[in-house]
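The values are calculated or read from the model by the stated rules, or taken from the named source; none is laboratory data. Since we're looking at a predicted model, the values are computed, not measured. Here the Cβ positions follow ideal geometry from the backbone for every residue, glycine too, while neighbour counts run over all protein chains shown.
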Amino acid sequence: MKFKSAKINAFRTWGLLLTMVGMGLMIMGTAGIVFWGSAGKVFAGIGLVIGLIALMASMAIYFWAGMLSTSAVQVECPECHKLTKMLGKTDRCMFCHTILTTDPSQATITAEQLEAQQLKQ
Ligand SMILES: [Zn+2]
């Protein structure tokens with residue numbers, strides 16, 4: 001997975017996506033009963049189970065993101081001068097998506113080099 005956004009924002013996006021998928025599946029599953037009667041019950045059951053799993057997964061992601069954000073470092077972005085939160089040694093600014101780092105050995109390389117390095121890991 002590769003995101004062109006800050007890690008915390010990426011977590012929120014995935015959490016939201018999973019919530020919507022889960023709710024969508026549960027609604028579709030319920031609609032299956034309405035449209036196909038008893039034949040739709042199997043479809044509804046599968047939809048409800050997968051929907052429930054997706055909702056629980058999204059809750060886990062939200063919980064995890066919440067835990068992570070407590071350990072995030074707040075820094076002022078040198079590009080846009082807004083306060084952003086960093087996870088780990090390198091992260092992107094939440095506002096202008098500039099790559100930020102607290103590691104001095106990575107501070108002199110360009111964003112392209114950093115991405116190439118991250119892909120190798
Ligand atoms: Zn910025």
Here are some conditions: (1) more than 16 Å from the ligand (Cβ to nearest atom); (2) at positive phi. HIS97 meets all but one. Which one does it not meet?
(1)
For segment 73-106, the count of residues that are among the hydroxyl-bearing types (Ser, Thr, Tyr) and under 12 Å from ALA6 (Cβ atoms) equals 3
Filtering segment 14-60 down to residues that are within 27 Å of LYS4 (Cα to Cα) and either in contact (Cβ under 8 Å) with a residue 60 or more places away in the chain or surrounded by 14 or more Cβ atoms within 10 Å (Cβ to Cβ) (or both) yields TRP14, GLY15, LEU18, THR19, VAL21, GLY22, MET23, ALA54, LEU55, ALA57, SER58, MET59
I need the full set of residues from segment 75-99 which are without any contact (Cβ under 8 Å) to a residue 12 or more places away in the chain and assigned to a strand (DSSP E or B), in order please.
GLU76, LEU83
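Rundown of residues vs (1) aromatic (Phe, Trp, Tyr); (2) in a helix (DSSP H, G or I); (3) at pLDDT 85 or above, yes/no style:
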position: LEU18; (1), (2), (3): no, yes, yes
position: ALA31; (1), (2), (3): no, yes, no
position: PHE35; (1), (2), (3): yes, yes, no
position: SER38; (1), (2), (3): no, yes, no
position: PHE43; (1), (2), (3): yes, yes, no
position: LEU52; (1), (2), (3): no, yes, yes
